[in-house]
1. Among the GluC sites (Glu not before Pro) within region 366-413, which fall in a DSSP loop and have no more than 13 other Cβ atoms within 10 Å of their own Cβ?
2. List the residues, sorted by chain then number, that are 5 or more residues from H74 or on another chain and whose placed amide H is less than 5 Å from its amide H.
3. Just to confirm the filter: which GluC sites (Glu not before Pro) across region 292-355 are DSSP coil and have at most 11 other Cβ within 10 angstrom of their Cβ?
4. Give a quick list of trypsin sites (Lys or Arg not before Pro) in region 105-175 that DSSP marks as loop, anything other than H, G, I, E or B, with at most 10 other Cβ atoms within 10 Å.
5. Using a ≥ b ≥ c from the Cα gyration tensor of region 143-275 (square roots of the eigenvalues), is it rounded, prolate or oblate, where a/c under 1.5 gives rounded and otherwise the larger of a/b and b/c decides, a/b for prolate?
6. Please go through the residue pairs K136/K400; K249/K329; K138/K249; K138/K400; K136/K249; K263/K371 and name each one whose alpha carbons sit more than 32 Å apart in this structure.
7. Which of rounded, prolate, oblate describes region 66-145, given a ≥ b ≥ c as roots of the alpha-carbon gyration tensor eigenvalues and a/c under 1.5 marking rounded, otherwise prolate only if a/b is larger than b/c?
8. Kindly write out, for region 288-297 in residue order, the coupling ³J(HN,Hα) from the Karplus curve 6.51 cos²θ - 1.76 cosθ + 1.60 (θ = phi - 60°), rounded to whole Hz, with x marking Gly and Pro.
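Please treat every number below as a calculation from the coordinates, not as lab data. Treat the numbers as computed from the prediction; the structure is a model and nothing was measured. Please note: Cβ atoms are built from the backbone with ideal geometry, for glycine as well, and neighbour counts cover all protein chains shown.
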Amino acid sequence: MTCTACWAASVPAACPPDAGEGAQTRFNLNTKAMRSKSFYLKGAVLLAVASIPAMTLARDYRQPGTLGEGTQVHRFVLRDPATGQAMPGARYRLFLPGQRIAGVSPKSNEQDSVIFGVTDKQGNTVSVRMPRRHAKEKWILNPIVGEGDFGEAFSMRGESSNHPVTGMAYVLDLNGGYLFCNRTDSHGYTYYAQSHKAQTISLDYTFSGLQAGEYAWCRRESDAITALPAGAGPAAVFRQMLASYEAGKNEIGADFQARIRRKLIDLSIASRDDKQLDIALGLAPLPKDSLNEVGYALVDANWMVGRGMAMIDEALAHTPDNPYVLDSKGWALFRLGQPAQALTYLEQSLAAYGEGTESNLGARVEGLAHKGEVLMQLQRQDEARAAFVAAHELAPDDEKLLRTLARLEVALP
């Protein structure tokens, strides 16, 4: 287990002031919903989570034209939030919160009609007819990045003013997929990020903005990634990003370089390409504080588990009482077919948390889910159920827990 993974299970409802230092936020986006997630910004680390259903469906993008009913016609120009330039032939998402549009059925459990379309040669959306006029600022219009029938956009607002945070540089990072940079639009929105399958997406933001060279590199990389053929897999994204990294690493700082190298590791794991993994790990020595994170990523992917275990063992040698590393060790042993030994480490990990805190709630829930699965493998069904019930009481909506229960066909009261 990694610290990122443990934070990810908690979704704070609010965050801080309208100005200040930088911040990084990771979201697991729930792409079942067409609504956008709003978060209030603080100058502190914030994590939130949801999940993308493991499905692949074709998105139907509407071509330029007219839809809806009524005398009032609404049409908009899609613009790149960073440059202000119109975006011809670009995909977009358009909706009016709380309003239905004739001929566009809302998804189940939602009240508003959402239009997915492609702009015309001037960057115009479809024309939408409505019975009455709705102000332009009421509509939500997002450019789209990525492929797939599920996705999410994020709305950034100041806590004290509730005003949109506009023009803020951000990085969208889809696990096993693209790295994308832009700026929030006049509503405080990011691009609408899409995926074909269950993934985690992180949103990194900073009030002072990325360094100029880093933002320029990331924008070029974003353009290159979006220009890849539809359906390009993680191996193709890896090759593109590696070439960009080698060509432009002198423009970016050490921390951002490390971020890109970590992304390359994730891409190699997603494509299960051992040669790409060797390349990514060979770009620079892996820092001690990253050993557990990378080792756990390999173990959790159930790929090259022995190599992941070696990294976790090295991390454990440095921090033998770290509950995150102890959990990783237990999970690795389970993946290697040693459930009895795994249980020992998982119990040590859970004990190391003590009563726990809000910041490690997700880690404790995941640890209990790991323990429950190991106990089921050991045919200790009652104890397994007790672990799952304890996890459910801590966080009944935790996505990782719910997926584990569904996969193991465990029903809780």
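1. Working: sites: E366, E373, E383, E393, E399, E409; in loops: E409.
Passing both the DSSP loop test and the Cβ count: E409.
2. Under 5 Å from the amide H of H74: V128, R129, M130.
3. On the way: sites: E293, E314, E347, E355; in loops: E355.
Passing sites in region 292-355 are E355.
4. Details: sites: K107, K121, R129, R132, R133, K136, K138, R157; in loops: K107, K121, R132, R133.
For trypsin sites (Lys or Arg not before Pro) across region 105-175 that sit outside H, G, I, E and B with at most 10 neighbouring Cβ atoms in 10 Å, the list reads K121, R132.
5. It is oblate, given that a/c is not under 1.5 and a/b is not larger than b/c.
6. Numbers: K136/K400 39 Å; K249/K329 34 Å; K138/K249 41 Å; K138/K400 35 Å; K136/K249 41 Å; K263/K371 29 Å.
Violating the 32 Å Cα-Cα cut-off are K136/K400; K249/K329; K138/K249; K138/K400; K136/K249.
7. In terms of gyration-tensor shape, prolate.
8. Whole-Hz 3J(HN,Hα) from phi for region 288-297: 4, 6, 9, 4, 5, 4, 6, x, 5, 4.
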